[in-house]
Amino acid sequence: MYYLLKNIKKYYNIFNYPFWIIFIGGLSILNFYIYPIIDARRNIGKGSTGDDAMILASKSLMSTGKLYDLMIDAKTPISPGPAWVIFNAPFSIFDLYFLLSPFYLLIILLVIRKFFGNLKTNLFTYYLFCSVIAFELFFNGHDMLPFSLAFTSLSILINKVLTEKTNISISIILGLLLGICSTSRIVFFFIPLIFFILLKPYNYKNAIVLFVVSFLICLFFNIYYFLINDFYQPIHLLFKGKHLLSDYGFLLGITGFCLFNYFLFKKLITTNVNWYFIIAITFSIVTIPFSIGDLIHQNFNFTEWEGANYLVITIPHFIIYFIDKLNIKKRPSRLGRSF
């Protein structure tokens, strides 16, 4: 992988073709056959419960509207938050859940193609699926990969669109989508604040609108479904984090996160800051301790290491950071501008 990055100019003509279109088409076809096979493993006590959480919550939405009056089992509450579940409910309701990961992969590849060109889109696709975690989550239906791809797509759009001229309508639309992503897990409530801090030096008005809209969406959906459910299942993640890290570890993690964001606010906010690297590091401060804590809790049993899923959140941002640093200008595709 390092050799490819170092010598990318030699292979420009090859990588400038839109191979990513063929790749996503092939993955979608494969997922149509592979996902049901992996999903069937739950009948023998194996497989992921990530897809079950999204599907059960969507069924609850259709039957009672509460989202969280069904549980996967007695020991496994539903983790995905309300607005995220509602936004993606059509995939479950119309039995198209196998398209959830391909849909968000298509979205991010179109966004990268728009702003970075075919070569960097191909590189992103290649490096993303060099990750075993991303490959596994794509086929087992876990929503953490779709969240990561949606979140990174919004990050690119906010960076490329809202940092320039003031655009209130686009800020509202992106704020709505960012708020939906922020509800995907209750521990991601800080997402609107991070983007406000990053966007403020570029365009204060856009930053205010984006923050207010996304924060209100996140707040409203969490409070509303907390009030109408006897047990608001996504809240178990707060207790799970405390359990995995112990009281001291949990406190240390929160302190480190707050100190980093203070440092981010005071020292790193300039027009030259690398947007994607900062977001990746910010999330790593949250996800890595929980991931390692879960591995320790599982006695280093890697087959039961659910915490590895948390690591996929930062992978797309790190990849974007590295390919963004490549000093190669976007050129038109050899197959025409239509791509």
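So the values come out like this:
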| item | result |
| --- | --- |
| Residues that are among the hydroxyl-bearing types (Ser, Thr, Tyr), modelled with pLDDT of 90 or more and either in contact with a Phe, Trp or Tyr (Cβ under 7 Å, 6 or more places away or on another chain) or in a loop (DSSP other than H, G, I, E, B) (or both), drawn from segment 52-93 | Ser60, Tyr68, Ser79 |
| Qualifying residues in segment 190-199 (those that are open to solvent by 10 Å² or more (accessible area, probe 1.4 Å) and in contact with a helix residue (DSSP H, G or I) (Cβ under 6 Å, 6 or more places away or on another chain)) - the one nearest to Ile278 (Cα to Cα) | Ile197 |
| Subset of segment 223-237 (residues that are in contact (Cβ under 8 Å) with a residue 60 or more places away in the chain and either part of a helix (DSSP H, G or I) or open to solvent by 50 Å² or more (accessible area, probe 1.4 Å) (or both)) | Tyr224, Tyr225, Ile228, Asp230, Phe231, Gln233, Pro234, His236, Leu237 |
| Boolean, Ser92 is more than 24 Å from Glu306 (Cα to Cα) and out of contact with any Gly (no Cβ under 7 Å at 6 or more places or on another chain) | no |
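The values are calculated or read from the model by the stated rules, or taken from the named source; none is laboratory data. All values derive from a computational prediction rather than experimental measurement. Cβ atoms come from the backbone with ideal geometry, glycine included; neighbour counts cover every protein chain shown. Only protein heavy atoms, including side chains, enter the accessible area calculation; ligands, DNA and RNA are left aside. Shrake-Rupley method; radii C 1.70, N 1.55, O 1.52, S 1.80 Å.
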